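Just so you know, all these numbers are worked out from the coordinates, no wet-lab data involved. Just so you know, these numbers come straight off a predicted model, no measurement behind them. Note: ideal-geometry Cβ built from the backbone for every residue, glycine included; neighbour counts use all protein chains shown.
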Amino acid sequence: MSAHAKPAPIEFKFWTPGVMVMVAFMVTGLPFVIARYVGGLAAVTNLDNTHPWGLWIGIDVATGVALAAGGFTTAALAHIFGKHQYEAVTRPALLTAMLGYTLVALGLAIDVGRTWALWHPIIYWQPDSVLFEVAMCVIIYLHILYIEFIPIVVERLKGKISLPGPLGSFNNTIEALLELADRILGKVMWLFIIAGVVLSCMHQSGLGSLMLIAPTKLHPLWYTPILPLLFLTSAITVGYPMVVFETTVATSSLRLDGEMDVLTPLTRITIFLLGIYMCLKMGDMVVRGTYVYLLDGTAQSKAFLVEMLVGVIIPWLMLISPRVRRSRRALFIACTLIVLGVVLNRVNVFLVGFQPPYAEKAYFPAIGEMAVTAALIAGLMFIYRVCVTYLPVLSSRPQEVSS
């Protein structure tokens, strides 16, 4: 990390046109969230008894969990495997993971019919349920992510507490708490990092296990006994491309150095991981004989071909080229395709490939579902912008301006 500036708040104008667009999406989605709690799910969704989950589960939960994998993969690389040269992107990856899992929690709170019962898995254990395992892992890991983020907040506030007026009497107490957190967390953080990696591997595969009980509802191109392994492998694979994606977007919009000295070697690992995932997908298709569905002309076959070509094969071929890995634009395109491929995979598994045999009509998201999803994603991006503006998250140097 010596080649990078110390992580620091970004001195950049906050209220930009892009931020205003985020706020607009957030405001637009708010009435639909209120309508959902006033009138129930039927007021804003096209869900029914044969389609119990839709866009909110497919995007806000399943996809959100997968794309947040950069947090545990980067933490494992930098802190467990000792590759400290990747420290410069660890904090942004942690922030993305924390916000991603927060999105998952909010998405579940909106999607679950009886929201007031969300706490039940904590008390009423069902150890034979995969959904229980996923719920507990997500709950615990979300708390671990916030604990891992505390040192960043402490670094920003320590020695700078100065509350106005009567609140000033709490200054010493808050400073003492910050000092205590800094001293204790520094000694035990490795435990939380290891726990985070273990929990992530458990619930990433667990999400795939959810669909194993629906062999008659999930299309053969996606239904497979190794679906948990495919979900875990794809999540690990997308971890580093997601770091490249969010780092490139953040540094470009904030006019910072692109971190190519870190991102280029990071993506060499992705070639290996994406290759494993591709071999598993294609090998499973050959072994089960489901390749017969590839050219049947259905929406499912077309969706599968797009997922594999755009999200797996093309970016893998791109990343093989050293020239692509050294080019900021080409590397960003390749990693964006991988991220898109995982998004398509989760949408295909939970929406496109999910075909209940007794459904009276096909499911298509309602305007309210789209608005709420857009609002949650915009809210995530807004909070990310707030955090990198006021907290020491990014460590990039300002871009060199040519004369």
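So here's what we get for this one:
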{"read-out": "Distance between the stretch 220-240 and the stretch 35-101 - C-alpha centres, whole angstrom", "value": "16 Å"}
{"read-out": "Violating pairs (Cα-Cα greater than 32 angstrom) within the set 6/187; 13/83; 83/217", "value": "13/83; 83/217"}
{"read-out": "Within straight-line cross-link reach of residue 361, aspartates and glutamates at Cα separation under 16 Å, skipping those fewer than 8 residues along the same chain", "value": "48"}
{"read-out": "Overall form of the stretch 1-158 per C-alpha gyration tensor (a/c, 1.5; a/b vs b/c)", "value": "oblate"}
{"read-out": "Residues in the stretch 256-274 reached by a label modelled at residue 327 [backbone nitrogen below 16 Å; 7 Å Cα→Cβ]", "value": "264"}
{"read-out": "Å³ per residue enclosed by the Cα convex hull of the stretch 1-77", "value": "152 Å³"}
{"read-out": "Extension reserve of the residue 20-residue 50 stretch, reckoned as 0.36 nm per residue once the Cα distance is removed", "value": "6.9 nm"}
{"read-out": "Candidates 38, 243, 393, ranked by Gaussian network fluctuation over the chain, Cα under 10 Å, top entry", "value": "38"}
{"read-out": "Alpha carbon centroid spacing (whole Å) that separates the stretch 182-197 from the stretch 306-325", "value": "36 Å"}
{"read-out": "Stretch gain in nm, segment residue 42-residue 313, where the contour uses 0.36 nm per residue and the Cα spacing is subtracted", "value": "93.6 nm"}
{"read-out": "The stretch 112-196: chymotrypsin sites (Phe, Trp or Tyr not before Pro) falling in loop per DSSP and having at most 12 other Cβ within 10 Å", "value": "119, 124, 125"}
{"read-out": "Difference of contour (0.36 nm per residue) and Cα-Cα distance, residue 117 to residue 129", "value": "2.6 nm"}
{"read-out": "Interchain or long-range residues, amide H under 5 Å from residue 218's placed H", "value": "355"}
{"read-out": "Orientation-averaged projected area, Cα convex hull of the chain (nm²)", "value": "23.3 nm²"}
{"read-out": "Förster radius 41 Å - calculated FRET efficiency between residue 216 and residue 255 (Cβ-Cβ, nearest 0.05)", "value": "0.15"}
{"read-out": "Cα shape, the stretch 181-288, gyration tensor, a/c 1.5 rule", "value": "oblate"}
{"read-out": "Most mobile of 156, 385, 323 in a GNM of the chain (Cα contacts under 10 Å)", "value": "323"}
{"read-out": "Cα radius of gyration and Dmax for the stretch 102-144 (Å)", "value": "10.3, 27"}
{"read-out": "Only Lys, Arg (+1) and Asp, Glu (-1) charged, at Cβ; the chain dipole about Cα centre in debye", "value": "720 debye"}
{"read-out": "Kyte-Doolittle mean at least 0.0, axial Cα span of 24 Å or more - DSSP H helices of the chain", "value": "17-39, 90-111, 130-157, 171-209, 227-253, 260-288, 328-347, 367-390"}
{"read-out": "Relative contact order for the chain, counting Cα pairs under 8 Å that sit 6 or more residues apart, in percent", "value": "34 percent"}
{"read-out": "Cα extents of the stretch 116-213 along the three principal axes, largest first (Å)", "value": "59, 32, 17"}
{"read-out": "Among 17, 52, 225: highest mean-square fluctuation, GNM of the chain, C-alpha pairs under 10 Å", "value": "17"}
{"read-out": "Electrostatic dipole magnitude of the stretch 254-403 [Cβ: Lys, Arg +1; Asp, Glu -1; Cα centre; debye, to 20]", "value": "380 debye"}
